[in-house]
Each structure stands twice: as C-alpha cells, then as structure tokens.
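Have a look at the structure below, then the notes.
The values are calculated or read from the model by the stated rules, or taken from the named source; none is laboratory data. In this text, all values refer to a predicted model and were calculated from it rather than measured experimentally. With ligands, DNA and RNA removed, areas are computed over all heavy atoms of the protein, side chains included. Shrake-Rupley method; radii C 1.70, N 1.55, O 1.52, S 1.80 Å.
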Amino acid sequence: MVLVVEDEPLVRMTAADELEEAGFQVLEATNADEALKVLEARSDEVQVLFTDVHMPGSMDGMALAEQVSQRWPHVLLLISSGYARPQPDEIPDHGHFVPKPYIGATLVRHINEMMHTLQGS
C-alpha cells in the first residue's frame, strides 16, 4: 500500500491512478497532518510514503518524511518536488527522490525498485 501526500488534487489523483493501475493499493492525503492521521490508523498496512516537498500545513514533505522514518521505520520514503532538489543524504532513511514533472511509469519503477531492494535485504 502506498500513501500519496500531495496538495494539488490533479497531481494526487493522477499519481494514485497510475499506482492503482500498476497493482498497488493507494491511500491519499492532502498534507502532512492528514498523512500522519492516516498512518496512525493504518501504519501496519502502509509500505511506501510518496510525498511532495512543498505543501500547506504544519510541516513540509521533508519534515513529514523525517517523522515517518522515526515513528514507522518500515515505511519506505519517496520524495517529489518540482522546485526542491534534496541531496540523497538529506532524505531520511535512505529514501529516494523523483523530480516533477514525472511520468507514471517512472513513479511505479521507483516504488518497485525500492520494494525489491527491501525484499532483497
């Protein structure tokens, strides 16, 4: 299951549709606060957090990723932005970055690679 956190409705729905078509179950949140509530209720089901960096609310996607890596270390992290370009060492817990705009196949490939790496370890 992938939790998609994106404040732009069209971008969020498109990402969710692409992931569902690839066989993933998807949960959606519009900001970090909503994402934390979802994780508090369903953290045992969520395997991947896919979050935008810039969004409204009490924290941005990088701060969300940091909290998730501390509270739910089993959740893989995939960060996206059209503006920020975090360095690999800036993303918590060996997370990955995909720049916007991205195509659905790229998103699916990143998540599949992350999950494959996890299963191999």
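Some points to look at:
- Percentage, to the nearest whole number, of Cα pairs in the chain over 17 Å apart: 49 percent
- Per-residue ellipticity at 222 nm from helix content only, as computed over the chain with -39500 (n - 2.57) for each DSSP H run of at least four residues, stands at -13500 deg cm²/dmol.
- Surface composition of the chain: carbon and sulfur atoms hold 52% of the protein heavy-atom accessible area at a 1.4 Å probe.
- Measuring how big the stretch 1-47 is from its alpha-carbon positions, Rg and Dmax come out at 10.2, 27 Å.
- Cα centroid separation, the stretch 2-44 to the stretch 46-121 (Å): 12 Å
- In the context of the full set of protein chains, the chain has a per residue accessible area of 53 Å² (1.4 Å probe).
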